[in-house]
Structure formats: C-alpha cells, structure tokens
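The structure under discussion appears below in the form of structure tokens.
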Amino acid sequence: MLNEKLKDYTIILASGSPRRQEFFKDLGLDFEIRLKPIKEIYPEDLVHFEISDYLAQLKSVPFEGELKENDILITSDTIVWLNQTAIGKPKNEQEAFDIILSLSGKTHEVITSICFTTKTSQKIVHDITKVTFKDLSDDEIWYYIKNFNPLDKAGAYGIQEWIGHIGVTKIEGSFFNVMGLPVHLVYKMLNDMVNT
C-alpha cells in the first residue's frame, strides 16, 4: 500500500541493524541499505531524547550533497534512559551484566529517534516506551548474556529475546520501539511526506 505511493522515491536506510531492515521489509517497502561510518559522540549537555535526536541527525551528515531529488534517507538511533543517564551498547560481557543488573527491578525508558532527510528538507521524530523489569537473578542475567548476543543492543538486551520473555513485567508504548524502530511512526512519516 505505502510502497505504491512511494514508487517514485528511493528509500535509503542507513542502518546495519538486521531488526530495522526486517521492519522495513515487513512494511512492504522497497529500500536500499547504504552504510557510512560515524563516531557516535554527542555534546555532554544533551539529555533524554535530545541525545537520540542529535545522533539520528548526525548519521545523516555523511550523505550531505549526494542525495538526489526523490531520495528519502532514514537514519535512527536508540538509547535507554535510566536515572537521568543514557545507556548505550555494552563494550563487553561484564558491562552487559552491569547494565542489565541496573535495569533489574526498575522501569526505564527506551527512546528511538528517526531522521528523515531529503535533498531539501529534514525532519526528526522520536518515540518513548517505558519498560519494567522484574528483579533478575545474577544467574538469569549471565544465562542471557552467554546464550544471546547483547553487545550490539542499547541497554544490553533485546526485548524479543529470552530475557524479555522472562523478565519484562510491564510495557507502556510501542513494543517495536524497544526492538529498535517505532514502525508506526515510520509509516506515518512516509505517508505524510508523499501526501503533502
């Protein structure tokens, strides 16, 4: 349905995330993947969604000057927010353990920002989901880390994986946002862009 409206556009997804790529396929979109390396560093005075907004926009910068008339570039970033602190991806298993332990028995926020860039315009939107974990035992956390790969995930966990099945007691907002992309927002934004 949306793909028909977008038939005159080239959708460019600048993400190596298999989950994000799968979401685009699930939406029935024709898209291409273009990856450009970037250092994900943000000013220290930014907080909450300002961080993910900044990083989503930053990921579009390497594409400046090369977008064609009907290109729509989509870049995004996800952070976990707990105790006034942004939590990104863990560097190793011990850090993954420490992160998940800090989430245990608490409610945190998952924030995903998406930046839509064309040759002449740019718009950034974000979505926030609250996730509550039960009290996790050390054994449960280590089992998850050893049997899954949490090192490529913000907050060191994938809600669609074992730890989400046994650990998440409450979720307020978009489930898919926690997986890395608020798909409903992508659909809405692309619809709005071709209907204006």
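Every number in this text was worked out from the coordinates using simple rules, so none of it is lab data. Keep in mind that this is a model prediction, so the values were computed, not measured. As a convention, Cβ positions derive from the backbone with ideal geometry for all residues, glycine included, and neighbour counts pool all protein chains shown.
Cα-Cα over 32 Å: which of 25/130; 36/170; 25/170; 5/36; 91/188; 5/106? The partial results should precede the final answer.
Details: 25/130 26 Å; 36/170 36 Å; 25/170 28 Å; 5/36 28 Å; 91/188 34 Å; 5/106 43 Å.
The answer is 36/170; 91/188; 5/106.
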Open item on the list: Per residue of the range 46-60, what does 6.51 cos²θ - 1.76 cosθ + 1.60 with θ = phi - 60° give for ³J(HN,Hα)? Whole Hz please, x for Gly and Pro, Karplus curve as stated.
Closed with: 6, 9, 6, 5, 4, 5, 5, 4, 4, 5, 4, 5, 4, 5, 8
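Mind checking the dipole of the range 45-88: about its Cα centre, +1 per Lys or Arg Cβ, -1 per Asp or Glu Cβ, Debye to the nearest 20? Don't jump to the answer; show the numbers that get you there.
On the way: 2 positive and 8 negative charges, 33 e Å.
The dipole magnitude comes to about 160 debye.
What fraction, in whole percent, of alpha-carbon pairs in the chain exceed 31 Å separation? Mind dumping the intermediate values first?
Details: 3836 of 19110 pairs.
In whole percent, the share of Cα-Cα pairs in the chain beyond 31 Å is 20.
Between the DSSP loop rule and a limit of at most 16 other Cβ atoms within 10 Å, which chymotrypsin sites (Phe, Trp or Tyr not before Pro) in the range 120-160 are left?
In loop regions of the range 120-160 (DSSP not H, G, I, E or B), the sparsely surrounded chymotrypsin sites (Phe, Trp or Tyr not before Pro) are 148.
Nearest 20 debye, what's the magnitude of the dipole of the range 1-118 about its Cα centre given +1 on Lys and Arg Cβ and -1 on Asp and Glu Cβ?
Details: 13 positive and 20 negative charges, 54 e Å.
Dipole magnitude for the range 1-118 comes out near 260 debye.
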